[in-house]
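Please read the structure below before turning to the comments.
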Amino acid sequence: MKASMKPTMAHPFPRIGLTVATLSLLAALALPLVVHNPSMLNLAVLALMAAQVGVAWNIVGGQAGQVSLGHAAFFGIGAYTSTLLSLKLGISPWIGLPAGGLLAALLSVAFGWSCFRLRGHYFAMATIAVAELTQIFFTNWEFAGASVGLNLTMDREGWAWLNFAGKLPYYWLALGLLALTLLAAFCIERSYLGYYFRAIKDEPEAARSIGIDIARYKQVALAVSAFFTALGGGLYAHKEFYIDPGSVLSTALSIKMALVAILGGIGTLSGPVLGALVLTLIEEASRMLFGGTGSGIDIVLYALLIVLIAVFYPAGLVGSIRDMTLRARQRWRRRQAAATAGTAATAAAAEGSRP
Amino acid sequence: MTFDILLQALASGVLIGLIYALVAIGLTMIFGVMDIVNFAHGEFLMLGMYGSFWGFALFHLDPLLTLPLTALMLFALGVLLYRLLIVRIVDAPMVSQIFTTFGLMLLLRGLAQFFWKPDFRSIENSFVAGSVQWGGLHLGKPQLLAGAGAVVVTGLVYWFLHRTRLGVALEATAADKEAARLMGIDSHRMFALAWGIAAACAGVAGVLLSTFFPIFPEVGASFILIAFVVVNLGGFGSVAGAFWAGILVGVIEVMGGLLVGPEYKLAIVLVLFLGVLMWRPRGLMGKA
C-alpha cells in the first residue's frame, strides 16, 4: 500500500495522508464556529451524511469490488426501522439506529444470497432488482405509511430522541457517524479482512486457490456495509422528520451512494468524503443557480459531470490527485539526484531531458 | 366470463410484450456485441415518442408518417453517441461503463425536461383509433398496430442479422471481436452500427406507443427495468430470445396484475428476473 510507504529524510511530502486527515478533522470541528447560517450548516450536514453512506458503500463496492446499485434498500431499512420503533413503540433512536443497522446486516444475507453468485453487470442489475422490490414492498405496506410515508413527531426534543429544532446537533451527529464509519473502514482495510477483500476484488480465482472462502467474505463486506448504510438512513430519518419510499428507497439514491465513492476514488478511504463534498456542492450550486424552476438544467449539469468523470477520470479525484503527487515526487527525486550528481550542467541536462 | 377476462389479459399481455421485445432487442444487441449495459436505452424510446409528438403537434403529421424519419434520426443519434462517447469506454472498467450510460440517461432526461417541459403530453386523433371486438375480446387498434409494428421491425432486424453481409459481420463481431477483426471487420464500425440499430428500435417502439401512452421526459424509466428483465430472460445477446422473452414478460405482467393486484405487477416481474438470474443466468435462449 502506498499509505504505508515510509517517508524518507528531507521528503517534500511527509505523511501527506495523515496531514490532510488531521487538517480536515480540524476544519470540520471548527466549521460550526464560523458558519452560523442554518442553510449553510444544513448543506454541511448533507455533505457529511452523503460522505458517510459513500464510505459505507465503499466497503463492499470499493474494497471488495462488488458494485452494488441497490444500497438504498439498506438505507431505507435503517430509516424505517428507527422511525417505526420511535413512532409505534416509543423507543429512542439510540436503540432504533443500531437496531436498524443490525436488521439491515441480517437482511443483507438474503440480498447477498440472491446476488453474489452473479458477477459484473449481472450482479449490478440484480442489486437494482432487489432494491426495487424493497421499495415496492414499503410502498404497499400500510402499517409503514405505504406510499404516503411516515412523519416523526416533534414533541420529544433533546438528545435522547435526536430531535432538535436547530441544525447544529445534526452536524455533530453526522460528523460523529462519519468518523465512526471511517474508523471501521480504516480498521477493515488494515486487518486481514482488507487483504481478503482486495484479493476477492482483484484476483478472485487466485483468492479461491489459496483457500479464501469468497462467498463468505463477500457477505461479510456486505453486512458491514449494510450496517453502516442503515445507520446513515436512521440519522437521515431523524434529521428530516419525514420519510417515504421515494426519498429513502429509490434507485436514484442507490446510484448516488455509489457515485459519491466513484467520483472521489473507488476503494480509497478518503475518496467518498471528497466525492461527497464535491457532489453536494455542485448539486446545491446548480440547484441554487438554475433549479426550483423545474427547467431540468440542474439535472443536465449533474449528468454531464457524471459522464465526464466516468469517461475521463475512472480512478476518481483521489486517484487523479495521487497520480499528480506521484509525478511531482518523481520529478523532485530526479532533480535531487541531478543536484547531488554535481555540476549544474548535468542538472540542466536532466532538466532538459525530462519528458 | 372468467375465461374472457383471462383471454383479454393474455391478448393485452402479448401486445405490450411485443413492445417490450422491440425495446429489449437493442439492449441485447449492444450487450452481445460489446458487453456494455446501456442504462440510457429507455431514453431512446422517450425520444422516439417526442419525435412523434412534435411531428404531430407542429406539422399535423401522423406518427405513422413520421416514423421513418424518427427512426432515422434515432439511428443517427445512436451512431453519434457511440462515436463521441461510448468509444472511449469500450475497454474501461465496468464501473465507468455503468456510470457513463447512467449519466447519459440522466442527461437525455434533463435535456428533454429543459427543452420540452416535464408535462405529460399525448397525441389525440391519430389515424388509427378505436377498438375491434372478437367475441368477448376488445382490443384497441393502436395497440394492435403497435404489436404488429413491433413484430415487423423485430423480424427486419432478425433478417438483417442473419441474411445480410453487414448483419453477419455484426454477429461475427459479437461472437469473437478479435477473430472478426482478423477477417477484416472494423469492430468500431460494427459497434456504431449496433448502437444505431438499438437506438432506432427503441425509438420505433416509442413511436408505436406514442398514440396511446403518455409522453413525458421520464417515460423511459418504466421500460428500462422491464427491458433488463427481458434481456436476461432471453439471454444476453440473443434477438430471438428477447422476442419470446418480451412476450412472456408482457403476459406474466398483465396476468400477475390481474391475479395478484396491479400494484405488484413489477414485483412479480422482478422476482422472475432474480429467479432466472440465479438458476439460469444465461437466460432461456442464451448461448452457454
Filtering helices (runs of 4 or more DSSP H) wholly in region A:245-322 for at least 2 residues that are within 16 Å of the chain's Cα centre (by Cα) and over 23 Å from A:M40 (Cα atoms) gives A:251-264
Quick one: B:Y50 ticks every box in (1) over 30 Å from A:G61 (Cβ atoms); (2) within 18 Å of the chain's Cα centre (by Cα); (3) aromatic (F, W, Y); (4) facing chain A (nearest Cβ under 9 Å) except a single one, so which number is it?
-> (4)
Scan of region B:78-101 for residues that are at the interface with chain A (Cβ under 7 Å from one of its Cβ atoms) and crowded, with 23+ Cβ neighbours inside 10 Å, ordered by number | B:I98, B:F99, B:T100
Condition broken by B:L72, with the remaining ones in (1) assigned to a helix (DSSP H, G or I); (2) within 24 Å of B:V230 (Cβ to Cβ) satisfied | (2)
Here are A:Y196, A:Y217, A:Y170: which of them is more than 17 Å from A:V60 (Cβ to Cβ) and touching a helix residue (DSSP H, G or I) at 6+ places or on another chain (Cβ under 6 Å)?
-> A:Y170
Do any residues in region A:97-126 that are buried (at least 21 other Cβ atoms within 10 Å of the Cβ) have Cβ atoms under 6 Å from those of residues that are at pLDDT below 85 and not in a helix (DSSP H, G or I), where the two are at least six apart or on different chains, and which pairs are they?
-> A:A126/A:L118
Looking only at residues in region A:226-272 that are of a type in the set (S, T, N, Q) and more than 14 Å from chain B (Cβ to nearest Cβ), which one is farthest from A:F197 (Cα to Cα)?
-> A:S247
Region A:47-62, residues that are of a type in the set (S, T, N, Q) and within 17 Å of A:S108 (Cα to Cα) = A:N58
How many of the residues making up region A:320-355 are at pLDDT 80 or above and either in contact with a Cys (Cβ under 9 Å, 6 or more places away or on another chain) or within 30 Å of A:L263 (Cβ to Cβ) (or both)?
-> 13
Enumerate the pairs (first residue in region B:263-276 and touching a residue at least 40 places away in the same chain (Cβ under 8 Å) and within 7 Å of chain A (Cβ to nearest Cβ); second residue anywhere and in a helix (DSSP H, G or I) and of a type in the set (V, I, T)) with beta-carbon separation below 6 Å, excluding pairs fewer than 6 apart on the same chain, so at least 6 apart or on different chains.
-> B:F273/B:V229
How many residues does region A:127-142 contain that are more than 7 Å from every other protein chain (Cβ to nearest Cβ), free of Cβ contacts under 8 Å to residues at least 24 places away in the same chain and in a helix (DSSP H, G or I)?
-> 2
For region B:89-101, enumerate the residues that are under 22 Å from A:Q63 (Cα atoms) and in a helix (DSSP H, G or I).
-> B:M94, B:V95, B:S96, B:Q97, B:I98, B:F99, B:T100
Tell me which residues, restricted to region A:85-116, are away from chain B (no Cβ under 14 Å) and not hydrophobic (A, V, I, L, M, F, W, C).
-> A:S86, A:K88, A:G90, A:S92, A:P93, A:G96, A:P98, A:G100, A:G101, A:S108
How many residues are in contact with a Leu (Cβ under 8 Å, 6 or more places away or on another chain) and either at pLDDT 90 or above or closer than 23 Å to A:C187 by Cα (or both) when one looks only at region A:264-279?
-> 8
Scan A:S254, A:S250, A:S286, A:S225 and give me the residue that is surrounded by fewer than 24 Cβ atoms within 10 Å (Cβ to Cβ) and within 27 Å of B:P93 (Cα to Cα).
-> A:S250
Somewhere in region A:204-213, is a residue touching a Phe, Trp or Tyr at 6+ places or on another chain (Cβ under 9 Å) and touching a residue at least 24 places away in the same chain (Cβ under 8 Å)?
-> no
All but one of (1) within 16 Å of the chain's Cα centre (by Cα); (2) surrounded by fewer than 24 Cβ atoms within 10 Å (Cβ to Cβ); (3) over 21 Å from B:E218 (Cβ atoms) hold for B:V37; which doesn't?
-> (3)
Those residues of region B:77-98 which are among the small types (G, A, S) and more than 12 Å from B:I30 (Cβ to Cβ), in sequence order = B:A92, B:S96
How many of the residues making up region B:196-239 are modelled with pLDDT under 90, among the small types (G, A, S) and either touching a helix residue (DSSP H, G or I) at 6+ places or on another chain (Cβ under 6 Å) or in a helix (DSSP H, G or I) (or both)?
-> 5
Checklist (1) more than 10 Å from chain B (Cβ to nearest Cβ); (2) part of a helix (DSSP H, G or I) applied to A:A124, failing item | (1)
List every residue pair whose Cβ atoms sit under 8 Å apart, with the two residues 6 or more apart in sequence or on different chains, where the first one lies in region B:55-70 and is within 16 Å of B:V152 (Cα to Cα) and in contact (Cβ under 8 Å) with a residue 40 or more places away in the chain and the second, anywhere, is of a type in the set (G, A, S) and in a helix (DSSP H, G or I).
-> B:L67/B:S52
Name every residue in region B:102-128 that is more than 7 Å from every other protein chain (Cβ to nearest Cβ), touching a residue at least 60 places away in the same chain (Cβ under 8 Å) and of a type outside the set (F, W, Y), in order of residue number.
-> B:M105, B:L108, B:A112, B:D119, B:R121, B:S122, B:I123, B:S126, B:V128
Please go through region A:53-70 and pick out each residue that is touching a Ser or Thr at 6+ places or on another chain (Cβ under 6 Å) and within 14 Å of chain B (Cβ to nearest Cβ).
-> A:V60, A:G61, A:S68, A:L69, A:G70
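The values are calculated or read from the model by the stated rules, or taken from the named source; none is laboratory data. What you are looking at is a predicted structure, and each value in this text was computed from that prediction instead of being measured. Cβ coordinates were reconstructed from backbone atoms using ideal geometry, including for glycine residues, and neighbour counts include every protein chain displayed.
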